[in-house]
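Please treat every number below as a calculation from the coordinates, not as lab data. Only a predicted model underlies this, so the values are computations on that prediction, with no experimental measurement involved. Quick reminder, even Gly has a Cβ in these numbers, built from the backbone with ideal geometry, and neighbours come from all protein chains shown.
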Amino acid sequence: MSTTDLTIHPAEDESETRRLFEIKQKFTRYKPPDRLNPTIYRLFIQQKFSQCKQKIKEILDDTPEMLCEYPLLLRGQIAREEGEISESVEWISKALKHNPRSPKVLFEMGKSHYLLGEHQRAIELFKLALEAQQKRNEEKGRGLLDWRLFYWQSLAVYHVYKSPERVKKSQDVMLACPKINSSADMVK
């Protein structure tokens, strides 16, 4: 091996430095989208939907969509609150595309399909959400399943089946919920 093989050519070194600098610039211009999650959540629960939508738009303009699961999900929830159920499905679908096994996103998508009258699709989504929640609980060592999954699934089941079996099937779904009697919300 000659000594010329080990020398760094100034032109190559400069172009490599420039390339690395451009890559760094590309990634540092994105601000982490989750830094604004508390802000958009606060606006959402205060029902300041126009301000919340504006913040979400800013986040989506500044950040690649694949990093914006929560803003996309929240935008879908706002659309649903405003009665735009089809638009809600579109927004939540974008979030689901980036995290297809999220119990929260699957649950919210199921609710939107239920409200569209697509009860069979809603049941499928609630079942997927339940499976994803069970898997997540096993991984994290938790044992409690969200009763809301069972509640919404039982509503969808009620609308799919014919009388009188629909009441029985709906009750069966609710009774499958572990520790249903320990949820204060279910007692109301």
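Here are the numbers:
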| quantity | calculated |
| --- | --- |
| Candidate set from segment 32-60 (those that are at negative phi and assigned to a loop (DSSP other than H, G, I, E, B)); member that is nearest to the chain's Cα centre (by Cα) | 32 |
| Subset of segment 114-135 (residues that are closer than 26 Å to residue 67 by Cβ and crowded, with 16+ Cβ neighbours inside 10 Å) | 125, 128, 129, 132, 133 |
| Residues of segment 61-89 that turn out to be under 17 Å from residue 39 (Cα atoms) and within 15 Å of the chain's Cα centre (by Cα), as a count | 12 |
| Any hit, segment 116-139, residues being in a helix (DSSP H, G or I), hydrophobic (A, V, I, L, M, F, W, C), in contact with a helix residue (DSSP H, G or I) (Cβ under 6 Å, 6 or more places away or on another chain) and farther than 30 Å from residue 172 by Cβ | no |
| Some residue of segment 48-59 being under 20 Å from residue 133 (Cα atoms) and buried (at least 17 other Cβ atoms within 10 Å of the Cβ) | no |
